[in-house]
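Here the structure comes first, spelled out in C-alpha cells, and everything after it is commentary.
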Amino acid sequence: MNDHVRFLLTMVALALPIAGSPSGIGSQAAVHPTSRTNAAPATAKVHENPAPATTVHVSLDVLANRHIISPYVYGGAYPKDAATITDSGMTEVRWGGNATSRYNWQAGTNNAAADWYFEDFGYNEIGDSDSAQYIKDVKAAGSNPLMTMVMLDWVAQNVSDGSAYSFSVAKYGAQCATDPYHPDRGDGIMTDCSTPITGNDPNDANVPIKDSPQNGDPPGTVYRNQWAAALAAAFGNAPHFYDMDNEIDIWGGTHRDVHPNPSAYNEMRDTFVAEARALKDWDPNAIRLGPVSCCWWFYWNGADNNDKGVHAGNDFLPWWLNEVYWQDQVDGTRSVDLFDIHAYPDTPDTSGWTQAQKQALALRIFRDYWDPTYVSESPSINQKWATFIEPKKRIPFRIPRMRAIANMIYPGTPLTVTEWSAPIAGETDYSTALSDADAYGILGRERAYLASRWTAPDPANANYQALKLYRNYDGQHGTFDPISVSDTNDGKVDLFSSYAAVNSSGKTLTIMVLNKDPGTPVPVHFAVKGFNPSQVTTYTLSPKTPNQIVASKPHAWASTVKFAPYTATLLVVTGSMAQLPSAEWDLNPDVTMLSANGRVTLSPKIISGSGTVTLGTPQFDHGIKVTVAQGMVKSGQNGAIKVVAGGAPGFYHFNVPSTDDAGVSQQQAGWILVGNPSSTLTKQGDNQKGPPGSQLNLSVTLNPGKSGGSAPGATILFTTDAGSLSSRLVTTDASGNAPVVLTLPQSPGTVHVRAEGPFGLGHPVVTFTETAN
C-alpha cells in the first residue's frame, strides 16, 4: 500500500475530503487513476497469457438501438496547442480542473491549492491566460470550449510566480512539508502530517470574487457578472458550456485554505442554485453543468459522513438533483442543464503489479462504465459502506446508473463526464491507446452527451492516434459515423470490443474493432443486418506504428477478417441500406430507475422524420414487466410503455420492436434499474372542511421502511390545485413529520394537495382532499 493510498484511507476514515484529485496536480499534470481509490491488494484474475482465440462473431443491425452519438463526447482538457485541437478533431476543449476554481479573470492567474502548496501562478492553456481569448482560439481551431465558472469566494492575486501563498511557515509555524524550492511555502498541515492548519488569512494569497460590485468591496475584488459578459461575447454562436466550478464535493480538501470545512449537502445545493441562476441572468445562453462531482464515494456520501445522516440517509447525487429539481419546480425555472460527474474507472492498488498486469487492467477497466456483470476490482466500489440504496452497489454500471438517476429525477437532463482516463500503465504506454479507443466507443454507445478526457492526448503518444481514429482517421477529417447502431459480439469481454455507427444517408457503416489480446490474432466473422456492404477501407493503429494510422487500399467487403494482436482498427464500409426508416424514435427514456414493485410509464417519441411508428410486443428480463399501452407514435403524439418492477433490486434489460409506415422494422432496447422498496408517506388531516379563506393543518410522516433511508431530514414537496400553502418544501423533523398549512380558496370547492417524498427513497406520493364550504 503506497503513501498516497494510506492518505486516501485516512481521509475517508476521518470523513475529510481528499486533497489531491486528478484535476490538476502541479498545475495541470495528469494523475494516475489509482490515486482515486481506497486501495487493497488485487485479487482479480489478470490476463497476461490468454489462450489462443477462436473466431469472434460480431452481429450488426443498423436498424436496432439507433441513436445519435453526441458530437461532444470526443473532448479533452489542456491539449498541447491549438494545432493539435484541429489535427486530432477534438470536439470539446475544457478550461477546467482545480486550477480554474481559483482563476482570476482580470489578472490571468490561479492558485494551485493543495496540488502545489497553495501558491499563485500565471494560468495558461494552449498559450492563453485570458479566458475570453481562449474561447476564441478554441473556436478558431474548430472545437467547442467548456469554461469553468468560479463558485468559491476567493481567487488568486495578481501574482504569477508563486510569491503569494497561503501557509507561510514564518506566519503559521512548521508544517509537514514545504515547497522544495521555497522553504517558507508550506502545505498547510501541521508537523504531525495529519492535522490541518486552521484560521489562516485567505487574503495572504487571494482576492475576493463576487457576483457584482457593491460599495465597500476590498481592493482587487473581481466580479462574476463582468466576467460572464466577456465570456458570453467570446462564445458567440458556439454552445455556451459552463462547468459550475470543479469537484465542489472536495473543496474542503483541495481548497482548504479558503474553504476549511467539508462541503455540506445544503451548501452544495444552495451555492449551485444561486450561482447557476445568476449565470443565466448574465449569459442567457449559458448551458450549466453540475454538480461536477469527483468520484464514487462522494457520489453517494458527499464530504462529511455525518451530513448524509441528517438528510434522511439519502445518497448525495440523487439528493442533490432532487433538491435542484424541486426548487426549480417551485420557482418555475431551470438551474441545471447537464448532469455532470467525473468518472475515473476505479481500480485496485497496483503497487507491486507487473507492467503486463497493469496493461491488462487498463484494457478491461472501462467495463466499469457499462457492464452489468462487472463486479468492481476496486475496494472503493466493491465495499459495504458507499450506498445502502443503490441496487447491485458492487457493480459500477456507471453510465447507465447515472443516466437512470437523472431520468428518474429530472427528465431532460443528459449526462456529461468532464473528467475521465485510465492510463494505468502510463500515458505513453500503448495499452492506454487501446483503452482510450474503448472509452470513446462506450461513451458514444451509452449516450453520454459530453465527455472530456483528463488530459487531452499528447501527440507524442499512441492514444492521440486513438482519438484520430474517431475524429480524423484519414487526415482529411474523416470521422466515425454519427448514428450508433446495434453491435454485439461473443468475444472475451476483457480482450475484445467492437462498436458500429452509420451515416444519415445509410451509405457508410463504420466499425471499430479492438483486439486487446497482446499476443493472439483474432479472426472475426461479421453478420450485418439491414445494410449491404460493398467496399471497405481499414485504418489500423498497432504497436508497430504507434504514432501512425495505417490505411489499407479500398477492397471488396469480406465477412471474415483477421485482426492482428493489440490493434485498434476502424473499418469504413461503403454500401447501402435497403430502406431508410421514415421516422427515428426513442424510448424516452431508454434507461430509468424505480423502486421495487414500482411503476413507470415511458413515452416513446419521434426524434426525426415524419413517419408513424407502430410498437410491437416487448421482450424483457424476468424481474420487470413491460407492456405497450399506446402503440401508435407520430410527430406530436407520444406512445406509452408501462413498466412494472418486481420485488428484487437489480438491472433489467428490455427491448421493444417497431414497424414504421414505410414497412421498416426497428428495435430499441433499454434498462430498468430497480432499487429497494419505496418509503411511504402517512397523511394527517385528510378530508377536512372549512370556510373559504380559512386555514387547515396538514402533515405527512415519512416511513423509510426498507428503502435504505431514514425519517429525519427528508424534503417533502407540497403542491395544491387551489388556495395556497405556507411552504412548498418542508423538511421532516426527528420523527419524520412534515407539517404544512393550507389556506383554502375564497370560493367554495374541492382542493387537492399532493405531497411527494424524495426520489432517492422511492418517491412516495399521497394526496389530500379538502373542502372549502
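Some observations on this one:
- Of the criteria (1) in contact with an Asp or Glu (Cβ under 7 Å, 6 or more places away or on another chain); (2) of a type outside the set (Asp, Glu); (3) more than 25 Å from residue 94 (Cα to Cα); (4) open to solvent by 20 Å² or more (accessible area, probe 1.4 Å), which one residue 205 fails: (4)
- In summary, residue 277 fulfils each of the numbered conditions (1) over 15 Å from residue 149 (Cβ atoms); (2) open to solvent by 30 Å² or more (accessible area, probe 1.4 Å) with the single exception of condition (1).
- Residue 187, sole failed condition from (1) buried (at least 20 other Cβ atoms within 10 Å of the Cβ); (2) closer than 22 Å to residue 232 by Cα; (3) acidic (Asp, Glu): (2)
- Among the residues of the stretch 564-614, those identified as open to solvent by 30 Å² or more (accessible area, probe 1.4 Å), outside any strand (DSSP E or B) and of a type in the set (Gly, Ala, Ser) are 564, 578, 582, 603, 610.
- If the condition is being open to solvent by less than 60 Å² (accessible area, probe 1.4 Å) and either among the charged types (D, E, K, R) or part of a loop (DSSP other than H, G, I, E, B) (or both), then the stretch 723-733 contributes 723, 727, 732.
- Scope the stretch 144-180; condition assigned to a loop (DSSP other than H, G, I, E, B), open to solvent by less than 50 Å² (accessible area, probe 1.4 Å) and not aromatic (Phe, Trp, Tyr); matching residues: 150, 151, 152, 157, 159, 166, 173, 175, 177
- Cross-chain or 6+ apart pairs with Cβ under 9 Å, the stretch 588-610 first and on the phi > 0 side of the Ramachandran plot, then of a type in the set (D, E, K, R) and open to solvent by 40 Å² or more (accessible area, probe 1.4 Å): 588/605
- Restricting the stretch 312-344 to residues that are touching a strand residue (DSSP E or B) at 6+ places or on another chain (Cβ under 8 Å) and part of a loop (DSSP other than H, G, I, E, B), the residue that is surrounded by the most Cβ atoms within 10 Å (Cβ to Cβ): 343
- In the set 469, 443, only one residue is more than 26 Å from residue 245 (Cβ to Cβ), part of a helix (DSSP H, G or I) and open to solvent by less than 10 Å² (accessible area, probe 1.4 Å); that residue is 469.
- Only one entry in 479, 520, 508 is touching a helix residue (DSSP H, G or I) at 6+ places or on another chain (Cβ under 7 Å), open to solvent by less than 50 Å² (accessible area, probe 1.4 Å) and touching a residue at least 24 places away in the same chain (Cβ under 8 Å), namely 479.
- Residue count, the stretch 364-403 (criterion: in a helix (DSSP H, G or I), among the β-branched types (Val, Ile, Thr) and either without any contact (Cβ under 8 Å) to a residue 40 or more places away in the chain or within 14 Å of residue 422 (Cβ to Cβ) (or both)): 1
- Hits in the stretch 523-550 (condition: among the hydroxyl-bearing types (Ser, Thr, Tyr) and either free of Cβ contacts under 8 Å to residues at least 24 places away in the same chain or under 12 Å from residue 568 (Cβ atoms) (or both)): 538, 539, 540, 542, 545
- Residue in the stretch 356-366 that is aromatic (Phe, Trp, Tyr), open to solvent by 10 Å² or more (accessible area, probe 1.4 Å) and under 19 Å from the mean Cα position of the chain (by Cα) present: no
- For the stretch 113-131, filtering for residues that are open to solvent by 20 Å² or more (accessible area, probe 1.4 Å) and of a type outside the set (Asp, Glu) leaves 9.
The values are calculated or read from the model by the stated rules, or taken from the named source; none is laboratory data. Note that the coordinates shown come from a computational prediction; the quantities given were computed from them, not determined experimentally. Cβ atoms come from the backbone with ideal geometry, glycine included; neighbour counts cover every protein chain shown. Accessible surface areas use protein heavy atoms only, side chains included; no ligands, DNA or RNA. Shrake-Rupley method; radii C 1.70, N 1.55, O 1.52, S 1.80 Å.
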